[in-house]
1. I'd like the distance between the alpha-carbon centres of the stretch 173-199 and the stretch 49-77, rounded to an integer number of Å.
2. With θ taken as phi - 60° and the coefficients 6.51, -1.76 and 1.60, list the Karplus ³J(HN,Hα) couplings across the stretch 59-66 in order, rounded to whole Hz; mark glycine and proline as x.
3. Quick one: Kirkwood hydrodynamic radius for the stretch 23-72, alpha-carbon pairs, angstrom, one decimal?
4. Around V126, under 13 Å between beta carbons, what's the net of Lys plus Arg minus Asp minus Glu among the other residues?
5. Can you pull out the chymotrypsin sites (Phe, Trp or Tyr not before Pro) in the stretch 157-245 that DSSP calls coil and that have at most 14 other Cβ atoms within 10 Å?
6. Looking at the P(r) of the stretch 140-274, how many percent of alpha-carbon pairs lie beyond 23 Å?
7. Relative to the first principal axis of the alpha-carbon coordinates of the chain, what is the inclination of helix 277-292, with its axis defined by its Cα atoms, in degrees from 0 to 90 and to the nearest 10?
8. Which order results if Y45, Y55 are arranged by neighbouring Cβ count within 10 Å, fewest first?
Amino acid sequence: MLRREFMKLAVAAGLGLSGSGLALAADMPAPFDKPEDVKIALVRYLSTGDFFQSYLSGVEKQAEALGVDLRVLDSRQDAALQADMVDQAIALGVDGIIIQHGLTESMKPAAQRAVEAGIKVVAFDVNVENDAIPQVEQSDYLLGKLALEQAIKDNGDSFTAGYVYVPGIAPLDRRDVAWKEVKEANVGIKEAAMFGTLDNPIANSVANQARSVLQANPTISVVFAPYDEFAKGVKIAVDEAGLSQDIKIYSADVSTADISAMREPDSAWAATVATNPAVVGEVSVRTLALMLAGENPGKQVIVPPTLITQDFLNEQDVKNMSDLGEKMPQFQHADVSTAEWIPLPKR
């Protein structure tokens with residue numbers, strides 16, 4: 001009862017509750033002293049799959065915590081439409097734009113148009129080649145490197161591998177650097193086949209490719225699929241072929257559905273490396289908020305990843321992302337792009 005009355009008084013006095021305690025609304029830097037007047041847009045290229053739904057949730061919750069007006073524009077993997085949507089956001093008079101994924105050739109000029117219009121821009125997992133625009137990323141190189149180190153730990157440094165890759169997508173290109181380095185350092189690792197697609201539904205489309213690849217290359221014992229929708233597709237094909245005990249899959253990203261798939265009896269999905277996509281979404285909004293307040297978040301904003309093995313999930317009886325957050329505290333929050341005046345989403 002006392003707490004309820006205190007909350008009423010706090011609201012009446014213009015106080016805002018944040019993850020770091022109480023902050024006077026009057027102490028918020030401009031333009032967040034009037035957050036209802038701040039408009040930001042999220043312009044998306046990829047949206048299919050659990051990762052992107054979770055990322056969107058993080059963006060929405062951090063925007064809500066700040067009290068700003070969020071517009072979500074979803075191009076559904078149409079590069080030309082995504083560029084048009086950046087122009088739509090400019091026309092709407094937004095103060096800031098988050099560009100989520102996309103192709104450099106279409107997003108570079110679109111992002112530059114936004115900067116020239118005086119709009120602050122943050123890019124997540126797309127290289128827009130612009131020094132004025134911070135890059136938010138999960139350290140995609142490390143995602144790939146940690147997964148491959150686990151593959152070598154499990155399988156030794158000599159094996160035949162399948163590799164799922166689509167060039168031109170910034171996070172996949174950065175993970176590809178790790179793959180090339182590991183192959184060069186371990187001459188016993190042979191790449192038997194490279195395949196991949198982003199056609200919707202991605203998992204089913206990759207499964208169709210993987211069926212043919214596994215049939216044509218029966219010596220494959222490891223598949224590096226550094227995106228969880230890729231891994232889901234490969235697992236479908238492996239299960240159908242009855243090869244779940246003969247092939248191990250190593251991936252990036254994680255979701256409740258992924259955890260369930262990794263924990264199935266005799267699952268081929270041995271490990272993934274990930275950050276909490278909701279936390280990455282929160283970091284994207286906070287990075288933009290810092291810029292709008294005149295602060296410099298830096299050119300690169302890195303959210304550190306964590307290795308998650310099938311053994312760990314089974315030993316800790318992790319069933320969902322909530323369980324994973326409890327067992328791995330770094331999944332609940334990343335101390336990245338924070339400030340005393342920025343309220344955190346409710347936990």
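1. If we compute the Cα centre of each part, the gap is 32 Å.
2. Once rounded to whole Hz, the list reads 4, 5, 5, 6, 5, 5, 4, 7.
3. The answer is 12.0 Å.
4. With Lys, Arg at +1 and Asp, Glu at -1, the neighbours total -3.
5. Working: sites: F159, Y163, Y165, W179, F195, F224, Y227, F230; in loops: Y165, Y227.
Qualifying residues, ordered by number: none.
6. 22 percent
7. Relative to the chain, helix 277-292 is tipped by roughly 40 degrees.
8. The order, fewest Cβ neighbours first, is Y45, Y55.
Every read-out reported here was derived from the displayed coordinates using simple, explicitly stated rules and does not represent laboratory data. Fair warning: this is a prediction, and the values are worked out from it, not measured in the lab. Glycine also receives a Cβ, built like all others from the backbone with ideal geometry; neighbour counts cover every protein chain displayed.
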